[in-house]
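Peer 1: One structure, as structure tokens, below. Some questions next.
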Amino acid sequence: MSERAKSKSRRFKFPEEASVIFALLVLVGIVGTLRPTFLKPQNLLNLAASYSISALLAGCIVYLLSMGEIDLSFGWILNLSAVVAGLSMIAGVPVWIAIILGIVAGGLMGAINGFLTVVMRLPLIIVTLGTASVFQGISLISNKSGSVVPTDEKLTSNIFFRALGGEIDTPVPFILIFVVFAFLVLHLTLHKTRFGYRILAIGSNPEAARLAGIPTKRIKILVCALMGVVSGIGGVLFLGFRGAVDPSTGANLLLPVVAAAIIGGTPLSGGAGTVWGSLVGALIVGVIGVGVVFLGIDAVWSTLVTGLVIIFAIGVDQVVRVRKNRAG
Amino acid sequence: MTIKSRKARWSALALTTAMVLSASGVATPAQAAQKKLTIGFVVHVIGNPFINQIIDGAKAAAKDLGVTIKVTGPAGAEGDAQLTAVQNMAASGVDGIATSVPAASMVKGLNAIIKAGTPIVQFNGLGVGVNGPYVGEKSVESGRLLGKMVLDKIGGTSAKGDVIVGNCYPGFPVLENRQKGVLESLAKASGVKIVGPSDVKVDSAANFAAWQGLLAANPNALAMVGLCAPDVESIGKVNAAVPGSKTIGGGYDLTTGNLAALANGSAHISLGQTPFVQGYLPVYILVDSIRNKIKINKPGFIDAGTEIVTATSVIEPFKSAPLTFTELQKMSASLTLTRKYYDPLVKGYIKNWKKNLKPIADESA
């Protein structure tokens, strides 16, 4: 190898997410080898579309984890935002305005979380322990503990429902295109803007960040509001994608979303985070779920197998990370 | 490596790949005709004793019919996670899918799977608008029945006092229907005041705590009525902890714990949903329709029947053979005994499922 090539290879740095991508490829390889139909492009696209909303939330929870905080209420923010949008549509509000109402409602709920955290000087996890129930309760009261289903043809023929519901043929599901774009925005905001640097600084050392003149309270409220907005977007996407929202929608999102962010390489300790990593983490969670079904693992065993495979994926990620650090 | 050896390796690799592909992927028409069917069975929650009885029924059908069954479901009841599991089943290439439908948000996705060619039969939880038959109880009617039986125990239409009603999963359509029926029957006694319906949670520990709290807050309640599988057992334990309690306990499902509560007198009525039929029948319909090319892509309802059980009597649906409480208790813990008992039903009501298919409106009549 020439000196120039050597220096080039020395300068080349694997992206932070390389190890988790490798873990994903290993899993896809295993399932694909044992069940080749799994690798059909349509299957893979459908899989990605099914997990896109939880991936989107994982991309945003990276902001909170980077700040050393965690939100337990985003599943119910998603639910209530979708209920607000759905009920508004049924009440005759134009579809696009109803969508905006849903997203604004999400942002408002997130801002309330942030405001309470700052005013009560409590960790977000404690505040959202309460607000999660409040949002769920408001949702149940609003939807009279039933599903919200916009069935009027005027609504369902709107391009919003047709595009998200897969009635308009696109090579890649529309929801996936939207989520990838959202990830790009989330990544650039966290890593290329002053707002993002401030989040990481607060997560790294809140006291030092405050002394450095960073308005920590304002940033916290803004990040919580952002989580609310993204959950609200998730809610309206869900409404369009599935065509209805149920009282239980969002109830079980917490674990897969946080797991996706952590598997993707965002530490719980704050100060660092990878948005793209969380996308890969969400895909790993998805591949495990799909793999269990493709391999015909009985329901009784699936929970155990899921846990073991998560540990395996984290193990592969860690091995690659350690080797990369040694090589570096 | 020489060019020759490299070529030989590539040829060997190509040959092996071709052999693997031909062995695993492409089947001749004769092979396709003999192909062993695979049925996907997706439940709304894993690890629930009542759901396990349904799964046992489905596995018994698979064994009887010589098909493979794949069982899956989310750890916690949530529609989107369950729909994803159904979609994964379809993508994995199963020939038909039986699923409960606890959420309206599943309907669109399920119809897309049906449209793409995989037949679906629903059980236990009905999705209004799904283009496939539904096997389950008459939910409002069973609620009316439970309400009437409770009312009879507390003094009939002249009864006066509080009746606590608990719903473990507010918003779950079948439970809402049962609740409607129970409240309808209890409303016939003008002196009865309904406490709730309260959210009594589905997890057994949380369910017990909820009923404990409700009875502590309403110590003079005439009755406690639950709508879900864990309720009767919890109500029984709560009642047993209060010396001399005269509160009537009623609810659903014939799990071992619920039957034990009826046996020791701490609870009084439990309605069964014939879980064996709810598991067996959907698999039977799928296999029969696939083998005999019967189209099942329209909504329809097949009653799985309601079992009425107290400590002194057992009434099974469809004129099944008489059963004592002790026999029922033994059956609840043994699939072999259950299969044997329901054999006439398998050979009659289940085999003639097409005759028993009714309009979907009958479910909530």
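The values are calculated or read from the model by the stated rules, or taken from the named source; none is laboratory data. Everything numeric in this text was worked out from a predicted model, so none of it was measured. Don't worry about glycine lacking a Cβ; one is built from the backbone with ideal geometry, like all the others, and counts go over all protein chains shown. Surface accessibility is based on the protein's heavy atoms, side chains included, excluding ligands, DNA and RNA. Shrake-Rupley method; radii C 1.70, N 1.55, O 1.52, S 1.80 Å.
Peer 1: Taking the range B:101-117, which residues are within 13 Å of chain A (Cβ to nearest Cβ) and in a loop (DSSP other than H, G, I, E, B)?
Peer 2: Across the range B:101-117, the qualifying residues are B:Val101, B:Pro102, B:Ala103, B:Ala116.
Peer 1: Tell me the residue from B:Phe318, B:Phe325, B:Phe301 that is out of contact with any His (no Cβ under 6 Å at 6 or more places or on another chain) and open to solvent by less than 20 Å² (accessible area, probe 1.4 Å), please. Quick ask: steps written out before the conclusion?
Peer 2: Values: B:Phe318 fails: open to solvent by less than 20 Å² (accessible area, probe 1.4 Å); B:Phe325 fails: open to solvent by less than 20 Å² (accessible area, probe 1.4 Å).
Only one candidate passes the filter, namely B:Phe301.
Peer 1: Going by the structure shown, is A:Arg218 of a type in the set (Lys, Arg) and open to solvent by 20 Å² or more (accessible area, probe 1.4 Å)?
Peer 2: yes
Every residue, every condition in (1) β-branched (Val, Ile, Thr); (2) within 14 Å of chain B (Cβ to nearest Cβ); (3) within 27 Å of B:Ser198 (Cβ to Cβ); (4) part of a helix (DSSP H, G or I), yes or no:
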| site | (1), (2), (3), (4) |
| --- | --- |
| A:Leu129 | no, no, yes, yes |
| A:Val134 | yes, no, yes, yes |
| A:Lys144 | no, yes, yes, no |
| A:Pro150 | no, yes, no, no |
| A:Lys154 | no, no, no, yes |
| A:Phe161 | no, yes, no, yes |
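Peer 1: Any idea which residue in the range B:63-78 is nearest to the other protein chains (Cβ to nearest Cβ), counting only those that are open to solvent by less than 20 Å² (accessible area, probe 1.4 Å) and touching a Leu at 6+ places or on another chain (Cβ under 9 Å)?
Peer 2: B:Glu78
Peer 1: Identify, from the list B:Lys188, B:Lys160, the residue that is out of contact with any helix residue (DSSP H, G or I) (no Cβ under 6 Å at 6 or more places or on another chain) and basic (Lys, Arg). Explain how you work it out, then say what you get.
Peer 2: On the way: B:Lys188 fails: out of contact with any helix residue (DSSP H, G or I) (no Cβ under 6 Å at 6 or more places or on another chain).
Answer to the selection: B:Lys160.
Peer 1: Which residues, counting only those in the range A:169-214, are of a type in the set (Phe, Trp, Tyr) and loosely packed, with under 12 Cβ neighbours inside 10 Å?
Peer 2: A:Phe181
Peer 1: Specify which of the listed residues (B:Ala81, B:Ala85) is facing chain A (nearest Cβ under 10 Å), aliphatic (A, V, I, L, M) and open to solvent by 20 Å² or more (accessible area, probe 1.4 Å). Break it down into steps so the answer makes sense when it comes.
Peer 2: Working: B:Ala85 fails: open to solvent by 20 Å² or more (accessible area, probe 1.4 Å).
That would be B:Ala81, the only listed residue that is facing chain A (nearest Cβ under 10 Å), aliphatic (A, V, I, L, M) and open to solvent by 20 Å² or more (accessible area, probe 1.4 Å).
Peer 1: Quick one: in the range A:290-308, of everything that is buried (at least 20 other Cβ atoms within 10 Å of the Cβ) and in contact (Cβ under 8 Å) with a residue 40 or more places away in the chain, which residue is farthest from the other protein chains (Cβ to nearest Cβ)? It would help to see each step written out before you state the result.
Peer 2: Let us first name the residues in the range A:290-308 that are buried (at least 20 other Cβ atoms within 10 Å of the Cβ), namely A:290-294, A:299, A:302.
Retained after the next criterion (residues that are in contact (Cβ under 8 Å) with a residue 40 or more places away in the chain): A:290-291, A:294.
Working: A:Val290: 5, A:Gly291: 9, A:Phe294: 5 Å.
Checked the range A:290-308; the qualifying residue farthest from the other protein chains (Cβ to nearest Cβ) is A:Gly291.
Peer 1: Please verify whether A:Pro267 is part of a loop (DSSP other than H, G, I, E, B), under 30 Å from A:Asp152 (Cα atoms) and either open to solvent by 10 Å² or more (accessible area, probe 1.4 Å) or within 9 Å of another protein chain (Cβ to nearest Cβ) (or both), treating the condition exactly as stated.
Peer 2: no
Peer 1: Looking at A:Thr303, A:Thr266 in this structure, which one is under 20 Å from B:Ala77 (Cβ atoms) and not small (Gly, Ala, Ser)?
Peer 2: Working: A:Thr266 fails: under 20 Å from B:Ala77 (Cβ atoms).
Only one candidate qualifies: A:Thr303.
Peer 1: Then there is this: Among the residues of the range A:29-74, what is the count of those that are within 14 Å of chain B (Cβ to nearest Cβ) and over 20 Å from A:Gly203 (Cα atoms)?
Peer 2: Looking only at that region, the number is 26.
Peer 1: How many residues does the range B:271-299 hold that are under 21 Å from B:Gly147 (Cβ atoms) and touching a residue at least 40 places away in the same chain (Cβ under 8 Å)?
Peer 2: Residues that pass the stated criteria total 3.
Peer 1: From the residues in the range B:125-165 that are open to solvent by 10 Å² or more (accessible area, probe 1.4 Å) and acidic (Asp, Glu), which one is nearest to B:Leu214 (Cα to Cα)?
Peer 2: Here the answer is B:Asp162.
Peer 1: May I pose another question? Taking B:Leu146 as the residue in question, decide whether it is at pLDDT 90 or above, in contact with a helix residue (DSSP H, G or I) (Cβ under 7 Å, 6 or more places away or on another chain), in a helix (DSSP H, G or I) and within 11 Å of chain A (Cβ to nearest Cβ).
Peer 2: Answer is no for this residue.
Peer 1: Mind listing whichever residues of the range B:12-64 are among the polar types (S, T, N, Q), at pLDDT 50 or above and in a helix (DSSP H, G or I)?
Peer 2: As a first pass, look at the range B:12-64 and keep what is among the polar types (S, T, N, Q): B:16-17, B:22, B:24, B:28, B:31, B:34, B:38, B:48, B:52-53.
If we keep only those that are at pLDDT 50 or above as well, we get B:34, B:38, B:48, B:52-53.
B:Gln34, B:Asn52, B:Gln53, listed by residue number.
Peer 1: Taking the range B:221-252 as the search range and keeping residues that are among the polar types (S, T, N, Q) and more than 12 Å from B:Ile164 (Cα to Cα), which one is surrounded by the fewest Cβ atoms within 10 Å (Cβ to Cβ)? Quick ask: steps written out before the conclusion?
Peer 2: The first filter runs over the range B:221-252 and keeps only residues among the polar types (S, T, N, Q), leaving B:234, B:239, B:245, B:247.
Filter once more, keeping what is more than 12 Å from B:Ile164 (Cα to Cα): B:234, B:239, B:245.
Numbers: B:Ser234: 31, B:Asn239: 22, B:Ser245: 16.
Only one residue fits best here, namely B:Ser245.
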